[in-house]
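For reference, the structure discussed in these notes is given below.
The values are calculated or read from the model by the stated rules, or taken from the named source; none is laboratory data. From a predicted model like this one, the values you see are computed outputs, not experimental measurements. Please note: Cβ atoms are built from the backbone with ideal geometry, for glycine as well, and neighbour counts cover all protein chains shown.
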Amino acid sequence: MKRAEIRITGMVQGIGFRPFIYNLAQKHSVRGWVLNNEKGVFIDAEGDDGNLNRFIQDIPKMAPPLSRIETFQINYLEPSGYRLFEIKKSEEAEERFVLISPDIATCDQCLSELFSPRDFRYRYPFINCTLCGPRFTIIKNIPYDRHKTTMAPFTMCLVCKKEYDDPANRRFHAQPNACPSCGPSLWLEDREAKKVSVDPIEMTLKLLETGAIIAIKGLGGFHLACNAKNEEAVSNLRSRKFREDKPFAVMCRDIEEVRTHCEVNQEEERLLTGVERPIVILKRKKDSLIAHSVAPYQDTLGVMLPYSPLHHLLLNGSLKTLVMTSGNVSDEPIAYRDDEAKNRLRKIADYFLLHDREIHMRCDDSVTRVFKGKPFIIRRSRGYVPFPIKLSLPLEMILACGGELKNTFCVTRGSYAFLSHHIGDLENLETLTSFEEGIEHFKRLFNIEPKAVAYDLHPDYLSTQYALSLPDLPKVGVQHHHAHIVSCMAENGIEGEVIGVAMDGTGFGTDGTIWGGEFLKANYKDFDRVAHLKRVPMPGGPMAIKQPWRMAMVYLADTFGDGAKELKIDLMKRIDFQKWDVLKRAIERKINTPWTSSMGRFFDAVSSLLGIRDEVNYEGQAAIELETVAARDVREEYAFRIHQEQRSMVIDLSETVKGIVADLEKGVPASNISGKFHQTISRLITETCKIIRTRVGLNRVVLSGGVFQNMLLISLVTKELEGSGFEVYTHHLVPTNDGGISLGQAVVAHMRLFQCV
Ligand code: ZN
Ligand code: ZN
Ligand code: FE
């Protein structure tokens, strides 16, 4: 006889861990008990030697898919003669702080019940168990108990209740447990809110087949769906949604269907089929039958697999691929309440597929791709949030407010950083409200009372204004690119001093200009700006972002002066010189013309120079299309110059611009020029890092900023830096775009305020 006391911490609560332990104990004839307390799961187990050992070994090996074991401690005791194994009532203090599970894709067992005609949940769109189903989006408050979720109005029937109370059952304490006789239900209605009284799923399918657009209430908000192979339906959706070119995501029935449209490698398949079920950006096959207007001017497609029972039912009919784009008009946040959706989407959707399980927290689909054989998260939201990022050092409780575009906020507690779901672009009242409500919700869920607040230095960001309006809290302004670099350091668990390369669109600099092509000598607390792109004017401020031709003209004028007008390149035929003259005067008189060292703006300029995009319809479009056309087999590159100014090195791109113009005049195709251009930027980053290494002796390079969403560039740079002997760190868990900066802000604020060195 042997007895062991086992303490397990990590994500081990609310995801079927105790029933798993109970069943495992039965299997190995182990006796004793299991309970949850505020630190995690606590097991007292007794059995004969072999059985107890097998029981202990099986715990990490067979743990439920959603669990993440962080520590596992065993302590052997004198046997006490237990007669059976039981699940003890949780200790009182239990729920003050527990990790909360993200929403999880329907598990295989639920799926087979869903399609089994003998099962009493046959075709029930809300089937779930402790291994799957909604979590984060339905939780209103802690402790995570049914009456504190949006399942509260539904009283379990006897059958459901029996499952819920049975420790051996897969639905033991599954808070959203439900069935057709006691749970939520589904219905279809038209724009006039008139219920269509037939089988809602059958009817929805028929409508989709005829080209209709349906608003579908999902897990974290509404989707707008249509047949992805019907060009007319997709174009219709585009024009009604006022979304010109920004790609739509699609949902495919299964991985086989995905393969008919896209190339899928092993890691991409793993990501697509994982419990998080994010959108994965894949290389599109030329012969795919998906309508062109799903993702115009791109060679990729954002694809996801069904993640709720409703999706599985919808994709089980004749349509194997649906457009599933967020239910909003242009840049508004995704609609998630019925009344709000019906109001905002009535001009877009022909019908509404609704249900009465309320969504408490709006949560968009996550967006990912694969880089270097690992997930590379571009939008971290449904399926990932609110699972924390584990830090290598404990932090005080801090609220970090993030940036403006793709905003997320972050609250910290010990070594956990809770990065919020995707809030969106903080440019209107609707998003701001969502941001403020989100912060209150996270504070409540994780019992966090911030001791300090961190914010971006940009005075106009609504997140900054919100931070500054909070009374009685110490406040720390964090430079945008410092936050980017520290965010990447923190997720990689590295400390000390690094070379931070922040290639970005827009970030407020400490000198009041707009930064975005920055080389920082940085640690968690401070930074030194050791090199940056040469500053150029941005005539019209935000308009220069919307109209890349302005940046093209700026770079031409910077390189050729007034001679720019005489250049024999196509762009000169497209430019309205009257407009340009007005802008030139604005630059001279310093009217509405900030100065910038942004790499994102240089990509825009080159995109326009090559005739790819003079005006954009969504953020980043010019750079994305420049990457899309780039020839991958080019080895040549353009020249550039690096020189020392008083405090930092300056990278002058006029030689690059001259080279591009010379190639254009020779009629070299845009694909080659773009390929050469990407090579050049990679070389420029590597050369600058080498000079910095010689001067300051640092060998670790951290890459961050929105420009590194460019897969061609990040691959080239990583390879070249590693070839030069650098240790290179990139993002994987946290977005490289502004969706990741709140994490960096939190760490910097902690170091500035609470870490005295
Ligand atoms: Zn399940
Ligand atoms: Zn029931
Ligand atoms: Fe940024």
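Y638 fails exactly one of the following numbered conditions: (1) closer than 11 Å to V606 by Cβ; (2) among the hydroxyl-bearing types (S, T, Y); (3) part of a helix (DSSP H, G or I). What is the number of that condition? It is condition (3) that Y638 fails. Within 27 Å of A105 (Cα to Cα), in a loop (DSSP other than H, G, I, E, B) and of a type outside the set (K, R): is that true of G14 in this structure? Yes.
For the range 144-184, what are the residues that are among the hydrophobic types (A, V, I, L, M, F, W, C) and at pLDDT 95 or above? Answer for the range 144-184, where residues must be among the hydrophobic types (A, V, I, L, M, F, W, C) and at pLDDT 95 or above: M151, A152, F154, M156, C157, L158, V159, C160, A178, C179, C182. Taking first residues from the range 267-294 that are on the phi < 0 side of the Ramachandran plot and partners that are assigned to a helix (DSSP H, G or I) and basic (K, R), the Cβ contacts under 7 Å between residues at least 6 apart in sequence or on separate chains come to S293/R238. Filtered by the rule that a residue be in contact with a Pro (Cβ under 7 Å, 6 or more places away or on another chain) and part of a strand (DSSP E or B), the range 350-374 gives L353, H355, V367, T368.
Among the residues of the range 326-339, none qualifies, meaning not one is at pLDDT 95 or above and over 18 Å from I138 (Cα atoms). Taking the conditions exactly as written (assigned to a helix (DSSP H, G or I) and without any contact (Cβ under 8 Å) to a residue 24 or more places away in the chain), does L432 satisfy them or not? In short, no. Inspect the range 664-678 for any residue being in contact (Cβ under 8 Å) with a residue 24 or more places away in the chain and within 14 Å of I499 (Cβ to Cβ) and give the result as yes or no. No, because not a single residue in the range 664-678 is in contact (Cβ under 8 Å) with a residue 24 or more places away in the chain and within 14 Å of I499 (Cβ to Cβ).
You will find that of M572, M551, the residue that is part of a helix (DSSP H, G or I) and surrounded by 23 or more Cβ atoms within 10 Å (Cβ to Cβ) is M551 and no other. Only residues that are in a loop (DSSP other than H, G, I, E, B) and modelled with pLDDT of 80 or more were counted in the range 66-102, giving 13. Return yes or no: is Y384 in contact with a strand residue (DSSP E or B) (Cβ under 9 Å, 6 or more places away or on another chain), buried (at least 19 other Cβ atoms within 10 Å of the Cβ) and within 30 Å of L205 (Cβ to Cβ)? The answer is no for Y384.
Per the conditions (1) crowded, with 18+ Cβ neighbours inside 10 Å; (2) away from ligand 1 (no atom under 16 Å from the Cβ); (3) under 26 Å from Q109 (Cβ atoms); (4) assigned by TED's automatic domain parsing to the domain that holds V323, the sole criterion not satisfied by F154 is (4). Listed by first and then second residue, the pairs with beta-carbon distance under 7 Å, at least 6 apart or on different chains, first residue in the range 20-36 and in the same structural domain as E46 (by TED's automatic domain parsing) and among the polar types (S, T, N, Q), second modelled with pLDDT under 95 and in a loop (DSSP other than H, G, I, E, B), are N23/A168; N36/Q13; N36/S90.
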